[in-house]
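The values are calculated or read from the model by the stated rules, or taken from the named source; none is laboratory data. All figures in this text were calculated on a predicted structure; none of them were measured in a lab. Counting neighbours? That spans all protein chains shown, and the Cβs are built from the backbone with ideal geometry, glycine included.
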Amino acid sequence: MTRLTVNNEAVEYRMPPETPLLWALRDASNLTGTKYGCGTGSCGACTVDVDGRAVRSCQLTIAAAEGAFVTTIEGLSRDRAHPVQLALIAGNVPQCGYCIPGITMAAAALLKRDPMPSDAAIRAAITNICRCGIYPRLIEAIQRAGR
Ligand code: FES
């Protein structure tokens, strides 16, 4: 059994310890806002916050995450929309939307440590892949969210 805190609630996963956190969140916790894209750590669709850092949950086993505080997109916006979400909407950023939860989690983690990130800092921190090509609008929106 693996114990974590997910979106401020204690959870126990009765799954093999090598289970990626992504699948524990989706299959056991029914937190399907965290998306599966590549499964190899490349796309960022599965990004969640683990102890204050943006982490690709397909690459982290639940055993490695034991005791961690995990926030998913559902937890980020439980009470009200996060500033990143408001800025994404205001900037008409999302297209198909599949990558947006992961990008939102990565952007929220970035803004916690750097509220006024430069273009270069955003490009370095947000390496998530978007096949719709929203990147120029995305950078503007992240900077707006930090103001
Ligand atoms: Fe985890 Fe692509 S699904 S990085």
Which of the residues belonging to segment 127-147 are crowded, with 18+ Cβ neighbours inside 10 Å, under 13 Å from Cys99 (Cβ atoms) and out of contact with any strand residue (DSSP E or B) (no Cβ under 9 Å at 6 or more places or on another chain)? Cys130, Ile134, Leu138
Filter segment 55-71 down to the residues that are among the charged types (D, E, K, R) and near the ligand (Cβ under 6 Å from one of its atoms) and list them by number. Arg56
Take the residues in segment 25-41 that are within 15 Å of the chain's Cα centre (by Cα) and among the aliphatic types (A, V, I, L, M); name whichever of them is farthest from the ligand (Cβ to nearest atom). Leu31
Do you know which residues across segment 1-23 are of a type in the set (Lys, Arg) and within 16 Å of the ligand (Cβ to nearest atom)? none
Please go through segment 40-81 and give me each residue that is in a strand (DSSP E or B) and surrounded by 15 or more Cβ atoms within 10 Å (Cβ to Cβ), ordered by number. Thr47, Val48, Asp49, Val50, Ala54, Val55, Arg56, Thr61, Phe69, Val70, Thr71
Of these, Ala87, Ala108, which one is touching an Asp or Glu at 6+ places or on another chain (Cβ under 8 Å) and assigned to a helix (DSSP H, G or I)? Ala108
Determine whether segment 76-95 contains at least one residue that is of a type outside the set (Phe, Trp, Tyr) and within 16 Å of the ligand (Cβ to nearest atom). no
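Just checking, which of Ile129, Ile122, Ile100, Ile62 is at pLDDT 95 or above, assigned by TED's automatic domain parsing to the domain that holds Cys38 and not polar (S, T, N, Q)? Break it down stepwise before answering.
Details: Ile129 fails: assigned by TED's automatic domain parsing to the domain that holds Cys38; Ile122 fails: assigned by TED's automatic domain parsing to the domain that holds Cys38; Ile100 fails: assigned by TED's automatic domain parsing to the domain that holds Cys38.
Step by step, each of Ile129, Ile122, Ile100, Ile62 is checked, and only Ile62 is at pLDDT 95 or above, assigned by TED's automatic domain parsing to the domain that holds Cys38 and not polar (S, T, N, Q).
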Identify, from the list Gly44, Gly52, the residue that is outside the structural domain of Pro115 (by TED's automatic domain parsing), within 14 Å of the ligand (Cβ to nearest atom) and under 20 Å from Pro117 (Cβ atoms). Gly44
Under 8 Å by Cβ, and 6 or more places apart or on different chains, what pairs join a residue from segment 58-78 that is under 19 Å from Thr40 (Cβ atoms) with one that is away from the ligand (no atom under 16 Å from the Cβ)? Thr61/Pro17; Ile62/Thr2; Ile62/Leu4; Ile62/Tyr13; Ile62/Met15; Ile62/Pro17; Ala65/Thr2; Ala65/Leu4
Can you name the number of the only condition in (1) free of Cβ contacts under 8 Å to residues at least 40 places away in the same chain; (2) crowded, with 16+ Cβ neighbours inside 10 Å that Thr32 fails? (2)
